[in-house]
Every structure is written in structure tokens, then in C-alpha cells.
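Each remark here refers to the structure printed beneath this line.
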Amino acid sequence: MKKIIAVVRREFVERVRTKAFVISTVLLPVFMVAMVLLPALMMSGGDRTSRIALVDASGTNLGQAVSRTLAAEKLGHGGDAKARYTVRVFPAASDQLTAVRDDLIGKTGFSINKEKDGWDGVLVLTDTTLANGKLTYYGSNVGSLEAMTKLQRAVSTALAGVRLAKSGVDAALVKQAMSPADLDTTKVTDGKLTGQSGAESYLIALFMSFILYFAIIIYGQQTMTSVIEEKTSRIMEVLTSSLTPFQMLLGKVLGVGSAGLAQMAIWGGSVFVLSSQRTPLAGFFGMSADAAQSFPIPSMPAGLLVVLLAYFALGFLLYGALYAAIGAMCNTIQETQQYAVFVTMPIMVGFFAVFALIKDPTGTLGVTMSYIPFFAPFTMPVRWSLTSVPPLQLALSLVLMVVVLLACVWLAARIYRTGILMYGKKPSWGELWRWIRA
Amino acid sequence: MTAASVRIESVTKRFSGHTAVNRLSMEIPGGGIFGLLGPNGAGKSTTIRLIMGILEPDEGRIVLFDSPHNSRALSQRIGYLPEERGLYKKMKVLDHLIFLGETKGIGRADARKRAQAWLERLGVSDWAQKKVEDLSKGMQQKVQFAGALLHEPELVILDEPFSGLDPVNAQVMKDIVVAIAAEGRTVLFSTHVMEQAERMCDRIAIIARGEMVVNGTVAQVKEDFGGRHVALGFTHDKARAANILADRALIARVDDYGASAELQMADGADPEQLLAALVREGVGLRRFEVVEPSLHAIFIAKVGADAATAPAGVAA
């Protein structure tokens with residue numbers, strides 16, 4: 001036992017001391033934050049007032065109505081939010097429509113501020129618009145699904161209002177009736193509100209599965225590489241004279257794993273701290289508390305952090321032991337590729353299963369995957385973050401995980417025992433079988 | 001310590017068709033220096049690895065300290081320097097020695113103290129905080145040497161301990177090996193440098209092709225080899241000695257070094273006869289001495305033919 005601790009300590013200390021460890025520990029959260037923040041920042045860049053030229057050939061008051069509705073749209077929720085659109089109406093007779101339209105289109109789509117009286121888009125109402133709802137928008141931002149949805153919704157509202165008014169419905173009543181539904185989502189776990197929105201659950205799930213995937217692959221391969229290094233540097237011979245192969249294998253996997261766990265804890269812990277301190281933090285960046293709530297740092301409940309770390313630990317031990325066995329079988333990194341594929345494949349399957357799970361967290365596929373020990377390290381924490389998992393299911397998954405883990409460690413130890421002192425050619429499958437049975 | 005440190009009983013080890021060690025039996029008594037000699041590919045390292053439990057014998061058995069346990073269970077009592085030196089390249093020297101001590105079951109604080117003492121003794125204490133890879137090969141070897149001895153084992157097994165060392169460092173190591181033996185501990189080392197073995201060892205075993213050739217104390221081995229031996233040193237006109245040296249009635253075996261030679265007299269021949277003949281021919285002599293046979297001569301005589309045909313490409 002003392003000897004295993006010595007091996008664990010050596011693996012841990014030597015790994016944590018490296019520059020690569022320090023850099024990756026700092027860099028990954030920065031990278032993740034950038035991944036989350038950049039799209040948000042880019043989208044907010046698109047949140048500027050669009051200048052729309054409204055060509056009204058409807059011959060009714062439809063143009064005025066649409067213009068009013070568009071002008072009432074705001075870019076944000078607060079009272080001081082900027083208007084989403086500035087609209088100018090160009091009334092046109094039906095026979096002049098094409099000329100007016102083409103003239104306006106000629107001034108559309110230039111980059112901001114380049115053309116003083118330019119437009120971001122031209123909205124054309126014809127005399128049939130009111131009847132059949134058909135209208136055309138020519139613009140530079142037609143590729144933005146979000147912008148088009150918003151525009152369509154606003155025009156629909158105006159159109160409906162005008163239609164209802166024509167049928168004699170009171171304008172005030174129309175306005176009241178047309179106020180849109182505003183759906184906010186909040187996740188419920190075990191009959192309690194978690195305070196997480198649907199978007200947050202999704203972000204957490206994605207974030208976690210990426211971290212688990214990378215951590216297990218990277219640390220698993222580090223285990224493999226370090227076994228090969230011990231073989232090539234021939235230190236193995238000194239070690240085998242004082243340590244049993246089982247002590248060496250367990251010490252190595254635990255040591256590398258605890259370095260990985262430390263890194264995960266730093267990452268998970270920083271997300272936890274960030275999410276619980278989001279309001280002061282947002283203030284630090286000059287954002288209002290209101291904006292902070294929509295600030296895309298997912299909140300990390302303590303329970304989830306525990307589940308995440310537990311599954312990482314078990315998953316890493318499982319895959320780490322297998323990677324170590326592969327290291328023991330080979331003499332060079334190149335040689336390992338042929339075998340490593342058999343370990344990397346289930347990791348990939350587990351990782352991709354997460355996407356199926358995100359789509360349907362309570363579906364059969366996701367639930368089944370969270371029982372299979374090779375995939376559970378990826379699927380179970382994600383399932384936990386998306387829906388509430390019955391304790392019995394979690395326990396069953398953990399028990400299965402431990403059983404298969406022990407089987408894999410046993411298998412790896414058998415291979416390790418013979419492999420570490422074999423130099424020269426790679427073993428065939430038959431030889432491998434003999435090592436295991438010996 | 002009178003009990004045998006190591007007892008090898010009719011051990012055979014085969015590697016894919018090739019027999020590296022063939023029914024080898026020997027006993028390494030407690031205390032003193034035991035030399036395991038043999039040409040390249042003789043099976044020296046295989047024998048040592050069998051003793052260390054790194055390899056399992058196909059037949060026969062190996063008993064350490066008359067104990068039923070294998071060498072790993074007894075590893076606290078055994079120090080091992082493998083032929084292929086290996087250290088963690090990225091580790092600091094002191095940390096590495098502490099780790100090696102810990103794997104032998106020494107506590108951390110104790111291991112640190114011992115490691116520092118050893119680095120001091122080997123004159124590399126300035127390098128304690130340097131990474132192993134920054135050290136020269138010779139220095140790395142010293143560090144590994146210290147690692148093998150840190151836990152003060154009663155049996156020290158050194159595979160080719162002096163290879164690759166300059167004379168000064170070889171001297172330092174030699175002194176340490178002698179000191180260990182003086183404390184009553186046992187040293188087993190392998191080498192193919194006969195002069196070294198001859199000067200240091202109490203007992204030797206020469207093996208070739210995995211089989212025992214000679215085994216016993218150095219004096220005994222020489223006595224058993226028998227015959228009378230003459231060491232010659234030439235100054236000039238060596239060519240004139242050619243006929244005399246070729247005379248099989250006078251001389252049984254010649255080991256010619258150019259400026260010197262070691263001869264084994266033929267049975268019944270007298271060294272005086274030889275001296276007279278040489279003087280008669282006018283051969284210039286620097287040295288003429290009746291000597292014990294050197295281990296080197298014995299080695300050449302016993303395994304010379306074998307050594308030349310030793311299977312190539314197999315680690316000794």
C-alpha cells in the first residue's frame with residue numbers, strides 16, 4: 001500500500017509540475033468561455049437598429065399599420081432599449097411600384113455608414129398583401145434566421161390587426177389580443193425548481209461532455225505514453241524488481257487519474273464559482289444584473305459536480321487501465337495506434353451518444369446508454385444535468401460501472417504483467433490471450 | 001551470514017527456441033564478492049534477471065536467503081542495478097532517489113536523508129535538484145547505483161556495473177563495492193573484464209552458452225586449471241622467439257599480446273628450459289616470470305572457442 005502511494009505521488013507530482021498541465025488547466029476554461037461568449041458577443045453586434053424602407057402599394061392604411069408595429073419593436077427588454085427598426089414609408093401606386101422598389105434596392109445593402117441614406121432592407125406591400133398575406137423583403141440580412149423570424153412576426157401582427165380592424169373590431173381590443181406569448185423555461189428536478197433555464201441545462205450538458213471526452217482521451221493516452229516511456233527508458237526493470245505489476249498499474253492509473261481529477265475539479269469548481277458569483281461578476285464587466293441573468297455562464301449545482309467527478313473518476317480508471325495495458329503491449333507510440341482504436345471507439349460512441357441524449361434526455365437510447373459502463377461516464381452526468389435521474393438508476397449504473405471496472409483492471413493487470421518486460425515484436429491476438437490466461 | 005544468499009538449482013530458461021540458460025546450478029554464499037563471468041551472450045544477464053524474478057525459469061528453481069519468498073517479496077533486502085540503465089528522465093535527481101527508496105519500502109523522510117548522503121558520497125550533490133536528463137551518462141549511472149544501494153540491501157546484484165565509466169568513476173564504484181563486502185554483505189556482479197574480476201572477487205563462476213564452465217573461489221579455480229604459467233615481456237627480436245613458442249613439446253598454449261605473452265608450459269616441460277632457449281636465440285626480454293594462470297587465460301582457454309561462436313544478437 002505504501003508503495004502504491006509512492007507511485008501515485010510520483011505520477012501526480014511529476015504530471016502536475018509540467019508546463020503542459022498548468023497551461024491546459026488555465027487555457028481550457030478560457031477557451032470554453034470564449035466559445036460561449038463569442039457567439040453571444042457576435043449576435044449582440046447584430047443587434048443594431050435596422051433601417052427599413054417600406055414601399056406601400058397596398059392602397060390602404062396597411063403601410064402605416066406595419067410601420068407603427070415595426071417602430072414599436074425594441075432591441076432589448078429594458079425601458080431604455082433602442083428601437084429595433086427605423087422605418088420610412090414610400091407610398092406608391094401599383095404601376096410605379098417596380099420603379100420605386102428598384103430605386104430603393106439600389107441604395108440597399110451597403111456597409112453601415114457608407115451610404116448616408118442607404119437601407120438595410122426594402123419591404124414591399126402590394127395591393128394583394130392584405131388579402132393573401134404575401135409580401136416581399138429585399139435585404140442584406142435575409143440570411144439571419146432570427147432577424148427574419150422577428151420581422152415576419154411583426155408584420156403578421158400588423159396584418160392581423162388591420163384585418164381585424166376592417167372587420168370592425170376595436171383597435172384597443174386588437175392590441176390586447178395580439179400581445180405575444182413569452183415563454184420562459186425553468187428546469188425542475190425532484191419536484192424542486194433548479195433555477196436553470198432550458199438553455200443552461202443544454203450548455204452544461206454540452207460543456208461537460210466535451211470536458212469528459214477530452215479529459216478521458218488525453219489522460220488515458222498519457223497513461224499509455226508513460227508506460228511506453230518506462231519501457232523504452234528501461235526503468236521498468238528496476239521497478240519490477242521491487243513492485244508488483246498490479247502495484248505499478250494501479251499506482252500509475254490512480255496517479256494520472258488524480259492529476260486529471262485535480263484539473264477537472266479546478267475547471268468544474270471555477271464554473272461553480274463563476275455561476276454563483278455571476279451578478280457581481282457581470283457588474284465587474286459593466287453589465288446590469290438583468291443582463292447578468294442572460295449572461296451565458298451555466299450554473300453548476302453541487303450535486304451535478306459530484307456526479308461529474310464520480311463518473312470521471314470511474315470512467316478514467318476504466319479507460320486508463322485499458323490504455324495502460326495497450327502501452328504495455330507495444331514498444332512505440334506508433335505501434336499503439338492499431339490497438340488504441342479499440343479503446344478510443346467506445347469513448348467516441350459514448351461522446352456521440354450525448355447528442356442523442358441532449359435531443360431526448362428521457363428516451364430509451366439515452367437511458368440504455370447510461371447503464372452501459374463504457375458509455376455511462378459520458379451519458380450519465382449529461383442525463384443528470386438534463387433531467388432528474390431516479391436514485392435507483394444512478395446506483396445501478398454505478399454498480400455496473402464498478403463491476404466492469406474491476407474486470408477491466410484485472411484484465412489489464414494480466415496483460416501488463418507480461419507486456420512490460422516484452423521488447424521487440426508486438427504480440428499477436430493469440431499471444432495476448434495466452435498472457436491473460438497465464 | 002553463512003547461509004547461501006542465492007541458490008540456483010538446475011535452472012533452464014528458453015527464449016523462442018533458443019536456450020539462454022541451460023540447467024545452471026550454483027550457489028552464492030553470504031558475504032564477499034561473487035563475479036559472474038562470461039562472454040557476450042553467455043546468459044549472464046538472463047541469470048541475473050532470473051534471480052531478480054524479472055524472468056521466470058522454465059525449469060528448476062531459485063532460492064534467496066533460504067526463504068520461500070520470491071525476490072520481489074524480499075526486495076527490501078536486495079539491491080539491483082540492471083544492465084540497461086534506466087531512470088525517469090524528467091525527474092529531479094533527489095526526487096528520483098527518494099522514489100526509488102520508497103519503492104523499496106523506506107519512509108519518505110528517511111529516503112531523503114539517505115539519498116542526500118549518497119549523492120554527497122558520489123560527489124554529485126550539486127546536481128540533486130537537476131533533472132536526470134541534464135546529467136552525463138556516467139553521472140546517471142552513479143545516480144542509479146545510489147538508487148540500488150539506498151536501502152542498504154544485504155544482497156547487491158550489479159549487472160556490468162563498471163561498463164561505460166571513466167577510470168576515476170570506476171574507482172569510486174569499486175571502492176563502494178569493496179566497502180559493502182567488507183561490511184559482510186554480499187555482492188554479485190557480472191562482467192566480462194577478467195582483470196577486474198580477478199582483483200575484486202572472492203568467488204567466480206564462468207558461464208558460456210548458458211552453461212557452467214568453472215565455479216569456485218579464485219584460488220581454487222586457478223589451482224584446478226593447473227599447469228605452470230610464464231609471463232613474458234619482450235624488448236627486441238621477438239621474431240626469433242617464434243620457433244620456440246611454436247614448440248608444443250615445450251609450450252602448451254600461447255596468449256600473445258605483441259609486446260608481452262602469457263604461456264602455459266607443456267606437461268613435463270620446465271620454465272628454465274624455456275628461458276635458456278630464449279636467451280640462446282637472443283630474444284630481448286624485459287620480463288620472465290613464473291606466474292599463476294590469470295583468469296583471463298583460464299577464460300580464454302575454457303571458453304575461447306565457444307566465445308567465438310557465441311550466438312550473435314542475444315543479450316548476455
Would you tally the residues in segment B:209-243 being farther than 25 Å from B:Ile33 by Cβ, open to solvent by less than 20 Å² (accessible area, probe 1.4 Å) and part of a helix (DSSP H, G or I)?
1
What single numbered condition from (1) closer than 25 Å to A:Ile228 by Cβ; (2) open to solvent by less than 50 Å² (accessible area, probe 1.4 Å) fails to hold for B:Ile78?
(1)
If we ask which residues in segment B:196-208 are touching a strand residue (DSSP E or B) at 6+ places or on another chain (Cβ under 7 Å), over 30 Å from B:Phe15 (Cα atoms) and surrounded by fewer than 23 Cβ atoms within 10 Å (Cβ to Cβ), their number turns out to be 2
Out of curiosity, is B:Ala261 over 30 Å from B:Thr47 (Cα atoms), modelled with pLDDT of 85 or more and open to solvent by less than 50 Å² (accessible area, probe 1.4 Å)?
yes
Regarding A:Val100, is this residue open to solvent by less than 60 Å² (accessible area, probe 1.4 Å), under 44 Å from the mean Cα position of the chain (by Cα), among the β-branched types (Val, Ile, Thr) and at pLDDT 80 or above?
no
In segment B:63-86, which residues are closer than 12 Å to B:Val6 by Cβ and facing chain A (nearest Cβ under 9 Å)?
B:Ser71, B:Ile78
Would segment B:144-153 turn up any residue that is farther than 22 Å from B:Ala4 by Cβ, within 14 Å of chain A (Cβ to nearest Cβ) and among the polar types (S, T, N, Q)?
yes
Quick one: B:Val193 ticks every box in (1) more than 20 Å from B:Ile300 (Cβ to Cβ); (2) within 17 Å of the chain's Cα centre (by Cα); (3) surrounded by 12 or more Cβ atoms within 10 Å (Cβ to Cβ) except a single one, so which number is it?
(1)
Among (1) modelled with pLDDT under 90; (2) of a type outside the set (Phe, Trp, Tyr); (3) surrounded by fewer than 18 Cβ atoms within 10 Å (Cβ to Cβ), there is one condition B:Glu183 misses while meeting the rest; what is its number?
(1)
Scanning segment A:131-146 for residues that are surrounded by 15 or more Cβ atoms within 10 Å (Cβ to Cβ) and at pLDDT 80 or above, the one farthest from A:Thr98 (Cα to Cα) turns out to be A:Gly139
Can you say whether B:Leu285 is open to solvent by less than 50 Å² (accessible area, probe 1.4 Å) and among the aliphatic types (A, V, I, L, M), as far as the supplied structure shows?
no
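Here is a yes/no grid of residues against (1) under 29 Å from A:Val404 (Cβ atoms); (2) at pLDDT below 85; (3) in contact with a Leu (Cβ under 8 Å, 6 or more places away or on another chain); (4) of a type in the set (Phe, Trp, Tyr):
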site	(1), (2), (3), (4)
A:Glu230	yes, no, yes, no
A:Arg234	no, yes, no, no
A:Leu249	yes, no, no, no
A:Gly257	yes, no, yes, no
A:Ala265	yes, yes, yes, no
A:Ser270	no, yes, no, no
A:Ser275	no, yes, no, no
A:Pro301	yes, yes, no, no
Looking at A:Pro377, A:Pro373, A:Pro346 in this structure, which one is over 16 Å from A:Leu308 (Cβ atoms), buried (at least 21 other Cβ atoms within 10 Å of the Cβ) and in the same structural domain as A:Tyr319 (by TED's automatic domain parsing)?
A:Pro373
Read through the list (1) over 22 Å from A:Leu254 (Cβ atoms); (2) free of Cβ contacts under 8 Å to residues at least 60 places away in the same chain, then give the number of the only condition that A:Leu400 fails.
(1)
Condition broken by B:Ile157, with the remaining ones in (1) more than 22 Å from the chain's Cα centre (by Cα); (2) under 23 Å from A:Gln247 (Cβ atoms) satisfied
(1)
Residue list for segment B:87-104, filter: without any contact (Cβ under 8 Å) to a residue 40 or more places away in the chain, open to solvent by 10 Å² or more (accessible area, probe 1.4 Å) and at the interface with chain A (Cβ under 7 Å from one of its Cβ atoms)
B:Glu102
Considering every residue within segment B:36-46, establish whether at least one is among the small types (Gly, Ala, Ser) and farther than 16 Å from B:Ile207 by Cα.
no
Identify the residue in segment B:30-52 that is open to solvent by 20 Å² or more (accessible area, probe 1.4 Å) and over 22 Å from B:Ala182 (Cα atoms) and, among all such residues, is modelled with the lowest pLDDT.
B:Asn40
Could you figure out which of (1) open to solvent by 10 Å² or more (accessible area, probe 1.4 Å); (2) within 12 Å of chain A (Cβ to nearest Cβ); (3) assigned to a loop (DSSP other than H, G, I, E, B) isn't true of B:Pro57?
(2)
Among the residues of segment B:264-273, what is the count of those that are open to solvent by 50 Å² or more (accessible area, probe 1.4 Å) and not in a loop (DSSP other than H, G, I, E, B)?
2
List pairs: first in segment A:166-178 and within 18 Å of A:Leu130 (Cβ to Cβ), second open to solvent by 60 Å² or more (accessible area, probe 1.4 Å) and among the hydrophobic types (A, V, I, L, M, F, W, C), Cβ under 6 Å, 6+ apart or cross-chain?
A:Val174/A:Leu164
I'd like to know if segment A:55-70 contains one or more residues that are modelled with pLDDT of 80 or more, outside any helix (DSSP H, G or I) and not assigned by TED's automatic domain parsing to the domain that holds A:Ser144.
no
Which numbered condition in (1) farther than 18 Å from B:Met173 by Cβ; (2) modelled with pLDDT of 90 or more is the only one that B:Ala117 fails?
(1)
Does A:Ile228 count as in contact with a Gly (Cβ under 6 Å, 6 or more places away or on another chain) and either part of a loop (DSSP other than H, G, I, E, B) or within 14 Å of chain B (Cβ to nearest Cβ) (or both)?
yes
Could we say that B:Phe299 is among the aromatic types (Phe, Trp, Tyr) and in a helix (DSSP H, G or I) here?
yes
Residues that are among the basic types (Lys, Arg), more than 24 Å from B:Ser163 (Cα to Cα) and more than 12 Å from chain A (Cβ to nearest Cβ): does segment B:113-122 have at least one?
yes
Name, by its number, the condition in (1) open to solvent by less than 40 Å² (accessible area, probe 1.4 Å); (2) part of a loop (DSSP other than H, G, I, E, B) that does not hold for B:Ile8.
(2)
Just checking, how many residues over segment A:237-252 are more than 7 Å from every other protein chain (Cβ to nearest Cβ) and open to solvent by less than 10 Å² (accessible area, probe 1.4 Å)?
4
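Would you point out which residue out of B:Lys137, B:Lys174, B:Lys131 is within 14 Å of chain A (Cβ to nearest Cβ), open to solvent by 20 Å² or more (accessible area, probe 1.4 Å) and within 30 Å of B:Gly41 (Cβ to Cβ)?
Details: B:Lys174 fails: within 14 Å of chain A (Cβ to nearest Cβ); B:Lys131 fails: within 30 Å of B:Gly41 (Cβ to Cβ).
The match here is B:Lys137.
The values are calculated or read from the model by the stated rules, or taken from the named source; none is laboratory data. Just so we're clear, the structure is a prediction, and the values are computed from it rather than from any experiment. Don't worry about glycine lacking a Cβ; one is built from the backbone with ideal geometry, like all the others, and counts go over all protein chains shown. In case anyone asks, the SASA skips ligands and DNA or RNA and just uses the protein heavy atoms, side chains included. Shrake-Rupley method; radii C 1.70, N 1.55, O 1.52, S 1.80 Å.
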